[in-house]
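Readers should treat all values here as calculations from the given coordinates under stated rules, not as data from a laboratory. What you are looking at is a predicted structure, and each value in this text was computed from that prediction instead of being measured. Because the Cβ atoms are built from the backbone with ideal geometry, glycine has one as well, and the counts that use them run over all protein chains shown.
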Amino acid sequence: MARPKGLPAIAAMLTCALVLAGCSGTAAEPKADGPVTLTVATFGEFGYEKLFKEYEKAHPGTTVVSRVADFETHHKQLATSLGAGRGAADVVAIEEQYMPQFRQSKDKFADLAQFGAKDLRPRWRPWKWEQGAVGDFVMGLGTDMGSLAMCYRRDLYEKAGLPTDREAVAALWPTWEQFAQVADRFSGKVTDAKFADSDGTIYTAIINQSEENYFAKADDGFIGDTNPAIHSAFALAGGIGAKGQTARVTPFTQPWTVAIKQSRFATITCPAWMLTQIQEAGGPELAGKWDVTSIPGKGGNWGGSYLTIPAQGTHQKQAYDLATWLTAPEQQKRIFLDSGLLPSALDAYQDGAVLSHTNAYFSGAPVGKLFAASAEALRPNYRGLHDAHVRPAFGHGLGRVEEGKQNVDQAWDQSVTEARAAASN
């Protein structure tokens, strides 16, 4: 899922709320007789509406209620509810970047191992399972994942004299350095559109291919200032921004949506879940003009979530049964075919129907095959406890480069200083 602004404020609220609440709040499991209403809280649509109705039909006496909020509001409300010991939904989705913070307060969640969740471990690749667990404590079950590809405008590439066939386009950029060279070629030919949406999305894709970003996997120590993977990604993405080769629009904002509609940029690093947003922004007039191909480097992941069960709930076993069913390979497969959210369950994203799935809007691109291949190639990306505190510093720095307020070196120095301060708080 998406990466909006405001993460440090939410992280601070989460920490404060949970500390003030102490360690109490686990509710006793009541008897299962009588009607049961289960509330499922997500950020944005997870493709669950049809599934909820099907589940209710198969489980007479069970009613499933959907609670949907935007990304920031959703996680803020969860932190508040956990701190207060009441108000949380029975099943709550948590985006992968928040898992390190919420895992620190695992006592606020039901241990799904008590319901037999450990037997489900083979459903997922090891890295996906481990992000949802704390040792033997099973906190969440994986939903989708955001393996990366590259979305591009065939018509604008043709205008730039570049190849338009997706395999030929992928051959242009086996590395990110060669991707930057393609940006130069495009910008030398096209004046009414930029090569990419922002240097920030390029930077995010590059660092998401690295095993470590801002914190060391061994001890969670801050390494954002010394990690060569971070510095090289910042320099490359910032270099593209400094040349004026981006539209300077932040993903998922209104200007970004307008820029897609007005064909103001030609390339964007796109996880599977972003295709729907691009299509909705572009509208029917851009159908067949977008395409999808492989990303430079190897794999990469941007987003993905887990279904958790707050310990304050009074129907934990029933909530677990629902979460287990929603994250089963069969349902993940159906959600991908209907909504484009890439399954994280092995049997789902390796299923023949998924692998053969194409997207007509994106010129018939074999999206199932492309995103599954990216998922197979990706390496798990370690996120430190304070990742959300320091990450914005580098994004803001790249923004200053795009706006011409600083050069890349100046922006890097300021970003590192701000990140060090944020990491120590």
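Please list, ordered by chain and number, the residues whose modelled amide H lies under 5 Å from the amide H of THR62; skip anything fewer than 5 residues away on the same chain.
Here the answer is VAL36, since their amide H atoms fall under 5 Å of that of THR62.
Scan around VAL134 for amide H atoms under 5 Å from its own, H built in the peptide plane at 1.01 Å from N, and keep only partners 5 or more places away or cross-chain.
Under 5 Å from the amide H of VAL134: MET139.
Say each of GLU45 and SER263 gets a label point 7 Å from the Cα, pointing the same way as Cα to Cβ; how far apart are those two points in nm?
2.7
Of the GluC sites (Glu not before Pro) in the stretch 331-423, which ones lie in a loop per DSSP and count no more than 14 other C-beta atoms within 10 Å?
In loop regions of the stretch 331-423 (DSSP not H, G, I, E or B), the sparsely surrounded GluC sites (Glu not before Pro) are GLU403.
Select from the stretch 337-425 those trypsin sites (Lys or Arg not before Pro) which occupy a DSSP coil region and have at most 15 other Cβ atoms within 10 Å, ordered by residue number.
Those that pass, being in a loop and sparsely packed, are LYS405.
Report the GluC sites (Glu not before Pro) located in the stretch 150-229 that are in a DSSP loop and have at most 12 other Cβ atoms inside 10 Å of their Cβ, or state none.
Here the sparse-neighbourhood loop sites are GLU211.
Rounded to the nearest 0.05, what FRET efficiency is calculated for GLU418 and THR80 with R0 set to 30 Å and r the Cβ-Cβ distance?
That gives a FRET efficiency of 0.65.
Report the FRET efficiency, 1/(1 + (r/R0)^6), for LYS189 and ASP107, where r is their Cβ-Cβ distance and R0 is 60 Å, rounded to 0.05.
Calculated transfer efficiency: 0.55.
I want to check the label-to-label distance for LEU346 and HIS396. Put each point 7 Å from Cα in the C-beta direction and report it in nm to one decimal.
4.3
Among 407-415, 242-250, 52-60, 315-323, how do they line up from the highest to the lowest mean number of other beta-carbon atoms within 10 Å?
Ranking, from highest mean packing down: 315-323, 242-250, 407-415, 52-60.
Determine ³J(HN,Hα), in whole Hz, for all residues of the stretch 366-371 in sequence, where each value follows from phi through the Karplus function 6.51 cos²θ - 1.76 cosθ + 1.60 and θ = phi - 60°; x replaces Gly and Pro.
With coefficients 6.51, -1.76 and 1.60, one gets x, 5, x, 5, 5, 6 Hz.
What is the dipole size for the chain, taken about its Cα centre, with +1 at each Lys and Arg Cβ and -1 at each Asp and Glu Cβ, in debye to the nearest 20?
Charge dipole of the chain: 340 debye, to the nearest 20.
Collect residues whose amide H, placed 1.01 Å from N in the peptide plane, falls under 5 Å from the amide H of THR39; neighbours closer than 5 in sequence don't count.
Here VAL65, ASP90, VAL91 satisfy the definition.
Per residue of the stretch 190-205, what does 6.51 cos²θ - 1.76 cosθ + 1.60 with θ = phi - 60° give for ³J(HN,Hα)? Whole Hz please, x for Gly and Pro, Karplus curve as stated.
With coefficients 6.51, -1.76 and 1.60, one gets 10, 10, 9, 8, 8, 5, 10, 6, 7, 6, x, 5, 5, 4, 4, 4 Hz.
Please report, in debye to the nearest 20, how large the charge dipole of the stretch 51-156 is about its Cα centre when each Lys and Arg carries +1 at its beta carbon and each Asp and Glu carries -1 there.
100
In whole Hz, what ³J(HN,Hα) sequence does the stretch 383-390 give by Karplus (6.51, -1.76, 1.60; θ = phi - 60°), x for Gly and Pro?
Result, ordered by residue: 10, x, 4, 9, 4, 5, 6, 9 Hz.
Name the residues of the stretch 183-215 whose amide N is less than 11 Å from a point 7 angstrom out from the Cα of LEU172 along the C-beta direction?
It comes to 183-190, 195-196, nothing else.
What FRET efficiency do you get for ALA235 and ALA58 if R0 is 60 Å and r is their Cβ-Cβ distance, rounded to the nearest 0.05?
Calculated transfer efficiency: 0.65.
Given the chain, report the % of alpha carbon pairs whose separation exceeds 38 Å.
21
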